[in-house]
Amino acid sequence: MRIALFCNDYWPTIGGVQTAVRGLAAGLVRRGHSPLILTRQPGGAPAADVVDGVAVRRFEWNLRPRATFLPRAWRAGRQVRETVLGWGAEAAYVHFVSAHALYARNCARVGGLPLLLSFRGNDVMRIGPRSPVTRRIYALLTREAQANLFCSPWLRAEAERAPWFRGAADRTGVLADAVSVERRVAPPVEPPRPFVLAAGRMVHKKGFDLLLCAWAELGDRIAVPLWLVGDGEERPALERLAGDLGLGDRVVFSGPMPHPEVLGLLERAALCVVPSREEPYGIFVVEAQALGVPVVASAVGNLPELIRDRETGYLAEPTAGGLARAIRSAWEDPRRAGVGAAGRGAPGANRSYDTMAEELEGWINEARSGMRGGVAWT
(Lines give C-alpha, C1' and ligand atoms only; values in the text may rest on other atoms or scores of the structure.)
Protein backbone atom coordinates (compact mmCIF):
# COMPACT_ATOMS: atom_id res chain seq x y z
CA MET A 1 0.00 0.00 0.00
CA ARG A 2 1.22 3.51 -0.80
CA ILE A 3 0.76 5.71 2.26
CA ALA A 4 1.38 9.46 2.26
CA LEU A 5 2.66 10.46 5.73
CA PHE A 6 2.21 14.18 6.45
CA CYS A 7 4.14 15.70 9.35
CA ASN A 8 4.91 19.27 10.39
CA ASP A 9 8.65 18.65 10.59
CA TYR A 10 11.17 15.91 9.82
CA TRP A 11 14.83 15.00 9.85
CA PRO A 12 17.34 16.70 10.04
CA THR A 13 15.31 18.53 12.72
CA ILE A 14 15.47 16.65 16.04
CA GLY A 15 12.31 16.03 18.04
CA GLY A 16 9.59 13.63 19.08
CA VAL A 17 7.44 13.90 15.94
CA GLN A 18 10.45 13.42 13.69
CA THR A 19 11.61 10.36 15.62
CA ALA A 20 8.13 8.83 15.68
CA VAL A 21 7.41 9.32 11.96
CA ARG A 22 10.84 7.96 11.08
CA GLY A 23 10.21 4.85 13.17
CA LEU A 24 6.66 4.44 11.85
CA ALA A 25 7.83 4.73 8.24
CA ALA A 26 10.45 2.04 8.87
CA GLY A 27 7.79 -0.20 10.42
CA LEU A 28 5.53 0.27 7.40
CA VAL A 29 8.39 -0.64 5.06
CA ARG A 30 9.05 -3.84 7.03
CA ARG A 31 5.37 -4.71 6.60
CA GLY A 32 5.68 -4.36 2.84
CA HIS A 33 4.20 -0.87 2.40
CA SER A 34 5.60 2.16 0.58
CA PRO A 35 5.47 5.34 2.68
CA LEU A 36 6.15 8.83 1.35
CA ILE A 37 7.01 11.57 3.86
CA LEU A 38 5.61 15.03 3.14
CA THR A 39 6.83 17.85 5.37
CA ARG A 40 7.87 21.48 5.47
CA GLN A 41 11.14 22.69 3.94
CA PRO A 42 13.45 24.44 6.40
CA GLY A 43 16.24 26.60 5.03
CA GLY A 44 18.98 24.58 3.37
CA ALA A 45 17.09 21.28 3.27
CA PRO A 46 16.59 19.71 -0.18
CA ALA A 47 13.10 19.55 -1.66
CA ALA A 48 13.55 15.86 -2.47
CA ASP A 49 15.46 13.49 -0.24
CA VAL A 50 15.75 9.86 0.86
CA VAL A 51 16.08 9.07 4.57
CA ASP A 52 16.53 5.46 5.69
CA GLY A 53 15.45 4.36 2.22
CA VAL A 54 12.16 6.29 2.46
CA ALA A 55 11.35 9.11 0.02
CA VAL A 56 10.89 12.56 1.60
CA ARG A 57 9.38 15.61 -0.12
CA ARG A 58 9.63 19.03 1.47
CA PHE A 59 7.45 22.05 0.66
CA GLU A 60 7.44 25.75 1.52
CA TRP A 61 4.26 25.61 3.55
CA ASN A 62 5.67 27.41 6.61
CA LEU A 63 3.25 29.90 8.16
CA ARG A 64 6.01 32.51 8.33
CA PRO A 65 6.67 34.95 6.85
CA ARG A 66 2.95 35.66 7.04
CA ALA A 67 3.11 38.35 4.31
CA THR A 68 3.84 35.70 1.69
CA PHE A 69 1.85 32.85 3.22
CA LEU A 70 -1.16 32.89 0.88
CA PRO A 71 0.77 32.67 -2.42
CA ARG A 72 3.15 30.12 -0.92
CA ALA A 73 0.23 28.08 0.43
CA TRP A 74 -1.49 28.08 -2.95
CA ARG A 75 1.71 26.98 -4.69
CA ALA A 76 2.51 24.38 -2.05
CA GLY A 77 -1.03 23.01 -2.22
CA ARG A 78 -0.72 22.42 -5.94
CA GLN A 79 2.74 20.87 -5.57
CA VAL A 80 1.64 18.58 -2.73
CA ARG A 81 -1.45 17.43 -4.63
CA GLU A 82 0.54 16.71 -7.79
CA THR A 83 3.17 14.84 -5.78
CA VAL A 84 0.75 12.70 -3.78
CA LEU A 85 -1.68 11.86 -6.55
CA GLY A 86 1.04 11.46 -9.17
CA TRP A 87 2.79 9.00 -6.85
CA GLY A 88 -0.42 6.98 -6.58
CA ALA A 89 -1.10 7.31 -2.86
CA GLU A 90 -3.82 5.09 -1.42
CA ALA A 91 -4.19 6.85 1.94
CA ALA A 92 -3.27 10.14 3.61
CA TYR A 93 -2.07 9.95 7.23
CA VAL A 94 -1.37 13.11 9.28
CA HIS A 95 0.96 12.74 12.27
CA PHE A 96 0.39 15.72 14.60
CA VAL A 97 -2.49 17.77 13.27
CA SER A 98 -1.51 21.29 12.28
CA ALA A 99 -1.67 23.41 9.11
CA HIS A 100 -0.22 20.60 6.99
CA ALA A 101 -3.43 18.62 7.65
CA LEU A 102 -5.20 20.97 5.22
CA TYR A 103 -2.87 19.86 2.42
CA ALA A 104 -3.61 16.24 3.27
CA ARG A 105 -7.35 16.97 3.27
CA ASN A 106 -7.07 18.55 -0.17
CA CYS A 107 -5.26 15.50 -1.54
CA ALA A 108 -7.79 13.16 0.06
CA ARG A 109 -10.79 14.99 -1.35
CA VAL A 110 -9.39 15.32 -4.89
CA GLY A 111 -7.99 11.79 -4.99
CA GLY A 112 -10.79 10.00 -3.12
CA LEU A 113 -8.34 8.83 -0.46
CA PRO A 114 -9.09 8.02 3.18
CA LEU A 115 -7.88 10.74 5.53
CA LEU A 116 -6.53 9.68 8.92
CA LEU A 117 -5.65 12.28 11.55
CA SER A 118 -3.27 11.33 14.38
CA PHE A 119 -3.30 13.79 17.30
CA ARG A 120 -0.21 13.77 19.50
CA GLY A 121 -0.67 16.45 22.17
CA ASN A 122 -0.15 20.15 21.48
CA ASP A 123 -2.53 19.95 18.54
CA VAL A 124 -5.38 19.08 20.91
CA MET A 125 -4.23 21.07 23.93
CA ARG A 126 -3.14 24.34 22.30
CA ILE A 127 -3.54 24.66 18.54
CA GLY A 128 -7.14 23.46 18.29
CA PRO A 129 -8.63 25.84 20.90
CA ARG A 130 -6.33 28.76 20.01
CA SER A 131 -8.89 30.91 18.12
CA PRO A 132 -12.30 30.80 16.42
CA VAL A 133 -10.48 30.11 13.13
CA THR A 134 -8.53 27.10 14.44
CA ARG A 135 -11.63 25.73 16.19
CA ARG A 136 -13.55 25.89 12.93
CA ILE A 137 -10.72 24.25 10.97
CA TYR A 138 -10.37 21.43 13.50
CA ALA A 139 -14.12 20.87 13.49
CA LEU A 140 -13.99 20.55 9.69
CA LEU A 141 -11.01 18.19 9.73
CA THR A 142 -12.30 15.88 12.46
CA ARG A 143 -15.74 15.67 10.87
CA GLU A 144 -14.33 14.75 7.45
CA ALA A 145 -11.59 12.35 8.54
CA GLN A 146 -12.17 8.63 8.13
CA ALA A 147 -10.32 8.13 11.44
CA ASN A 148 -9.34 10.42 14.31
CA LEU A 149 -6.55 8.75 16.28
CA PHE A 150 -4.82 9.78 19.51
CA CYS A 151 -1.52 8.88 21.15
CA SER A 152 -3.24 7.86 24.40
CA PRO A 153 -6.70 7.30 25.91
CA TRP A 154 -6.09 10.40 28.05
CA LEU A 155 -5.61 12.62 25.00
CA ARG A 156 -8.61 11.05 23.28
CA ALA A 157 -10.79 11.94 26.28
CA GLU A 158 -9.43 15.50 26.26
CA ALA A 159 -10.30 15.90 22.56
CA GLU A 160 -13.77 14.38 22.90
CA ARG A 161 -14.59 17.04 25.50
CA ALA A 162 -13.42 19.84 23.20
CA PRO A 163 -16.22 21.85 21.52
CA TRP A 164 -14.42 21.70 18.16
CA PHE A 165 -14.21 17.92 17.98
CA ARG A 166 -16.64 16.42 15.44
CA GLY A 167 -15.33 12.86 15.02
CA ALA A 168 -17.83 10.01 15.23
CA ALA A 169 -17.25 7.49 18.03
CA ASP A 170 -16.84 4.57 15.62
CA ARG A 171 -14.11 6.48 13.73
CA THR A 172 -12.10 7.44 16.80
CA GLY A 173 -9.35 5.39 18.41
CA VAL A 174 -5.89 5.21 19.97
CA LEU A 175 -2.65 4.84 18.04
CA ALA A 176 -0.10 4.90 20.84
CA ASP A 177 3.51 5.90 20.36
CA ALA A 178 6.19 3.23 20.06
CA VAL A 179 9.73 3.03 21.40
CA SER A 180 13.05 2.09 19.85
CA VAL A 181 16.31 2.26 21.78
CA GLU A 182 18.58 0.30 19.45
CA ARG A 183 20.12 3.35 17.80
CA ARG A 184 22.16 4.78 20.65
CA VAL A 185 25.74 5.96 20.84
CA ALA A 186 27.96 7.22 23.62
CA PRO A 187 27.72 11.02 23.96
CA PRO A 188 30.91 12.94 23.15
CA VAL A 189 30.89 14.43 26.66
CA GLU A 190 29.83 12.10 29.42
CA PRO A 191 29.22 13.19 33.01
CA PRO A 192 31.00 11.45 35.88
CA ARG A 193 28.85 8.70 37.30
CA PRO A 194 26.51 8.56 39.03
CA PHE A 195 24.29 11.34 37.67
CA VAL A 196 20.60 12.16 37.31
CA LEU A 197 19.17 13.00 33.88
CA ALA A 198 16.22 14.96 32.51
CA ALA A 199 15.72 15.74 28.82
CA GLY A 200 13.26 17.37 26.47
CA ARG A 201 12.14 20.66 25.00
CA MET A 202 12.67 23.48 27.44
CA VAL A 203 9.14 24.86 27.46
CA HIS A 204 6.75 25.56 30.33
CA LYS A 205 4.74 22.36 30.10
CA LYS A 206 7.86 20.21 30.55
CA GLY A 207 8.32 21.53 34.10
CA PHE A 208 12.10 21.98 34.18
CA ASP A 209 11.64 24.98 36.48
CA LEU A 210 9.87 22.70 38.98
CA LEU A 211 12.77 20.25 38.74
CA LEU A 212 15.35 22.97 39.41
CA CYS A 213 13.42 24.13 42.48
CA ALA A 214 13.15 20.51 43.63
CA TRP A 215 16.89 20.03 43.13
CA ALA A 216 17.61 23.12 45.23
CA GLU A 217 15.27 21.79 47.94
CA LEU A 218 17.14 18.47 47.98
CA GLY A 219 20.44 20.23 48.66
CA ASP A 220 23.29 17.87 49.47
CA ARG A 221 20.96 14.93 50.14
CA ILE A 222 21.77 13.82 46.59
CA ALA A 223 25.43 14.65 45.97
CA VAL A 224 25.49 13.95 42.24
CA PRO A 225 25.04 16.30 39.24
CA LEU A 226 21.74 16.83 37.47
CA TRP A 227 22.14 16.92 33.69
CA LEU A 228 19.52 18.72 31.62
CA VAL A 229 19.57 17.85 27.92
CA GLY A 230 17.66 19.90 25.36
CA ASP A 231 16.92 23.40 24.22
CA GLY A 232 13.95 25.69 23.86
CA GLU A 233 12.47 29.09 24.52
CA GLU A 234 12.75 28.76 28.32
CA ARG A 235 16.41 27.73 28.45
CA PRO A 236 17.78 31.24 29.23
CA ALA A 237 15.22 31.67 32.03
CA LEU A 238 16.05 28.21 33.39
CA GLU A 239 19.76 28.99 33.43
CA ARG A 240 19.03 32.21 35.32
CA LEU A 241 16.82 30.29 37.76
CA ALA A 242 19.60 27.77 38.39
CA GLY A 243 21.93 30.68 39.17
CA ASP A 244 19.39 32.37 41.45
CA LEU A 245 18.93 29.08 43.33
CA GLY A 246 22.69 28.79 43.81
CA LEU A 247 22.85 25.40 42.12
CA GLY A 248 26.27 26.04 40.56
CA ASP A 249 27.90 22.89 39.19
CA ARG A 250 25.16 20.72 40.68
CA VAL A 251 23.28 21.33 37.41
CA VAL A 252 24.70 21.02 33.88
CA PHE A 253 22.86 22.36 30.82
CA SER A 254 24.30 20.21 28.03
CA GLY A 255 22.23 21.72 25.18
CA PRO A 256 20.52 19.65 22.47
CA MET A 257 21.84 16.25 21.38
CA PRO A 258 20.97 13.87 18.53
CA HIS A 259 18.48 11.26 19.71
CA PRO A 260 20.98 8.33 19.65
CA GLU A 261 23.28 10.33 21.94
CA VAL A 262 20.41 11.15 24.31
CA LEU A 263 19.69 7.42 24.55
CA GLY A 264 23.38 6.71 25.08
CA LEU A 265 23.39 9.17 27.96
CA LEU A 266 20.11 7.88 29.35
CA GLU A 267 21.31 4.29 29.65
CA ARG A 268 24.22 5.51 31.81
CA ALA A 269 22.02 7.51 34.21
CA ALA A 270 21.40 6.40 37.77
CA LEU A 271 17.96 8.01 37.69
CA CYS A 272 15.80 9.73 35.08
CA VAL A 273 13.29 12.48 35.94
CA VAL A 274 10.29 13.58 33.85
CA PRO A 275 8.90 16.66 35.67
CA SER A 276 6.14 17.54 33.17
CA ARG A 277 3.10 19.63 34.00
CA GLU A 278 1.31 17.99 31.07
CA GLU A 279 2.16 14.83 29.12
CA PRO A 280 -0.19 13.33 26.53
CA TYR A 281 1.92 10.18 26.19
CA GLY A 282 5.41 10.13 27.77
CA ILE A 283 7.96 8.79 25.30
CA PHE A 284 10.97 9.58 27.51
CA VAL A 285 9.41 7.50 30.29
CA VAL A 286 9.11 4.40 28.10
CA GLU A 287 12.61 4.94 26.69
CA ALA A 288 13.98 4.93 30.24
CA GLN A 289 11.94 1.83 31.07
CA ALA A 290 13.12 0.04 27.92
CA LEU A 291 16.73 0.69 29.00
CA GLY A 292 16.10 -0.44 32.58
CA VAL A 293 16.72 3.03 34.03
CA PRO A 294 14.61 3.93 37.09
CA VAL A 295 12.39 6.90 36.32
CA VAL A 296 10.58 9.48 38.44
CA ALA A 297 7.68 11.15 36.62
CA SER A 298 4.95 13.62 37.47
CA ALA A 299 1.55 11.96 37.85
CA VAL A 300 -0.06 13.94 35.02
CA GLY A 301 -1.73 13.12 31.71
CA ASN A 302 -0.95 9.63 30.46
CA LEU A 303 2.05 9.04 32.76
CA PRO A 304 0.13 7.13 35.47
CA GLU A 305 -0.87 4.68 32.72
CA LEU A 306 2.80 3.99 31.97
CA ILE A 307 4.10 3.59 35.52
CA ARG A 308 3.06 1.40 38.43
CA ASP A 309 4.33 3.47 41.34
CA ARG A 310 7.36 1.94 43.06
CA GLU A 311 7.09 -1.13 40.82
CA THR A 312 8.02 0.00 37.29
CA GLY A 313 8.96 3.57 38.21
CA TYR A 314 8.05 6.33 40.65
CA LEU A 315 5.20 8.83 40.43
CA ALA A 316 5.41 12.34 41.86
CA GLU A 317 3.00 15.13 42.64
CA PRO A 318 3.60 17.75 39.87
CA THR A 319 5.04 20.39 42.21
CA ALA A 320 8.58 21.25 43.25
CA GLY A 321 7.97 19.76 46.67
CA GLY A 322 6.33 16.65 45.25
CA LEU A 323 9.22 16.08 42.85
CA ALA A 324 11.78 16.58 45.62
CA ARG A 325 10.06 14.01 47.82
CA ALA A 326 9.74 11.46 45.00
CA ILE A 327 13.33 11.92 43.81
CA ARG A 328 14.69 11.53 47.34
CA SER A 329 12.49 8.49 47.94
CA ALA A 330 13.64 6.87 44.70
CA TRP A 331 17.30 7.69 45.33
CA GLU A 332 17.20 6.16 48.81
CA ASP A 333 15.11 3.14 47.76
CA PRO A 334 17.27 0.01 48.14
CA ARG A 335 15.12 -1.57 45.41
CA ARG A 336 15.79 1.26 42.91
CA ALA A 337 17.83 -0.88 40.53
CA GLY A 338 15.15 -3.56 40.65
CA VAL A 339 12.43 -1.02 39.92
CA GLY A 340 14.43 0.11 36.89
CA ALA A 341 14.85 -3.48 35.71
CA ALA A 342 11.11 -4.13 36.20
CA GLY A 343 10.40 -1.19 33.90
CA ARG A 344 11.67 -3.28 30.99
CA GLY A 345 8.51 -5.34 31.33
CA ALA A 346 6.12 -2.37 31.23
CA PRO A 347 3.77 -2.47 28.22
CA GLY A 348 4.97 0.86 26.80
CA ALA A 349 8.61 -0.24 26.96
CA ASN A 350 7.83 -3.16 24.66
CA ARG A 351 5.70 -1.42 22.07
CA SER A 352 7.53 -1.58 18.75
CA TYR A 353 7.13 0.49 15.60
CA ASP A 354 6.16 -2.72 13.82
CA THR A 355 3.17 -2.97 16.15
CA MET A 356 2.31 0.69 15.61
CA ALA A 357 2.58 0.20 11.83
CA GLU A 358 0.36 -2.87 11.98
CA GLU A 359 -2.31 -0.96 13.90
CA LEU A 360 -2.17 1.94 11.43
CA GLU A 361 -2.49 -0.54 8.57
CA GLY A 362 -5.66 -1.87 10.21
CA TRP A 363 -7.14 1.61 10.55
CA ILE A 364 -6.33 2.40 6.91
CA ASN A 365 -7.89 -0.82 5.68
CA GLU A 366 -11.00 -0.15 7.75
CA ALA A 367 -11.22 3.40 6.38
CA ARG A 368 -10.80 2.22 2.77
CA SER A 369 -13.43 -0.47 3.28
CA GLY A 370 -15.87 2.08 4.67
CA MET A 371 -15.36 4.36 1.67
CA ARG A 372 -15.90 1.51 -0.77
CA GLY A 373 -19.08 0.78 1.11
CA GLY A 374 -20.29 4.28 0.37
CA VAL A 375 -19.54 5.92 3.71
CA ALA A 376 -17.52 8.72 2.16
CA TRP A 377 -17.42 12.24 3.55
CA THR A 378 -19.52 15.07 2.24
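The values are calculated or read from the model by the stated rules, or taken from the named source; none is laboratory data. Remember, it's a predicted structure, so these values are computed and weren't measured experimentally. Don't worry about glycine lacking a Cβ; one is built from the backbone with ideal geometry, like all the others, and counts go over all protein chains shown. SASA here: full protein model, heavy atoms, side chains in, ligands and nucleic acids out. Shrake-Rupley method; radii C 1.70, N 1.55, O 1.52, S 1.80 Å.
Largest first and in whole Å, the equivalent-ellipsoid semi-axes of the stretch 81-214 read 34, 21, 14, each the square root of five times a Cα gyration tensor eigenvalue. Scoring 29-39, 106-116 by mean Cβ neighbours within 10 Å over their residues and listing the highest first yields 106-116, 29-39.
Helix 69-87 and the longest principal axis of the Cα set of the chain meet at an angle near 70°. Stokes-Einstein, applied to the Kirkwood radius of the stretch 253-333 over Cα pairs at a viscosity of 1.002 mPa s and 20 °C, places its translational diffusion at 168 µm² s⁻¹. The fraction of accessible area contributed by carbon and sulfur in the stretch 248-378 is 50 percent, rounded to a whole number (1.4 Å probe; ligands and nucleic acids excluded).
Dividing the alpha-carbon radius of gyration of the stretch 193-235 by the rule-of-thumb value 2.2 N^0.38 Å gives 1.19. What would the Debye equation give as log₁₀ I(q)/I(0) for the stretch 180-338 at q = 0.17 Å⁻¹, counting only Cα atoms as equal point scatterers? Values returned for q = 0.17 Å⁻¹ are -0.96. Relative to the longest principal axis of the Cα atoms of the chain, helix 16-30 runs at roughly 60 degrees.
List the GluC sites (Glu not before Pro) within the stretch 305-378 that fall in a DSSP loop (any state other than H, G, I, E or B) and whose Cβ has at most 14 other Cβ atoms within 10 Å. Show your work: numbers first, answer last.
Working: sites: GLU305, GLU311, GLU332, GLU358, GLU359, GLU361, GLU366; in loops: GLU311.
Filter output for the stretch 305-378: GLU311.
Under 5 Å from the amide H of VAL51 lie the amide H atoms of VAL56, each residue being 5 or more positions distant or on a separate chain, with H modelled from the backbone and absent for Pro and chain starts.
Here the alpha carbons of the stretch 13-88 define both size measures, Rg and Dmax, at 13.6, 43 Å. Computed from phi, the 3J(HN,Hα) profile of the stretch 46-54 under the Karplus parametrisation 6.51, -1.76, 1.60 (θ = phi - 60°) reads x, 5, 10, 8, 10, 10, 6, x, 10 Hz, with x in place of Gly and Pro. Axis of helix 100-111 versus longest Cα principal axis of the chain: the two differ by about 30°, to the nearest ten degrees.
Taking amide H as placed 1.01 Å from N in the peptide plane, THR172 has its amide H under 5 Å from the amide H of ASN148, each at least 5 places away in sequence or on another chain. Its Cα gyration tensor gives the chain an equivalent ellipsoid; the semi-axes, largest first and in whole Å, are 38, 21, 20. Binning the C-alpha pair distances of the stretch 1-160 at 10 Å intervals from 0 yields a P(r) profile of 10, 41, 38, 10, 0 %, listed from the shortest bin outward.
Distances between placed amide hydrogens fall under 5 Å for TRP61 paired with GLN41, all partners being 5 or more residues away or on another chain. Each eigenvalue of the Cα gyration tensor of the stretch 173-257, multiplied by 5 and square-rooted, gives one semi-axis; in descending order these are 24, 18, 13 Å. The stretch 1-59 and the stretch 267-324 have Cα centres separated by 29 Å. Show log10 I(q)/I(0) for the stretch 77-123 at q = 0.27 Å⁻¹, two decimals, from a solvent-free Debye sum over equal Cα scatterers. Log10 I(q)/I(0), no solvent term: -0.95.
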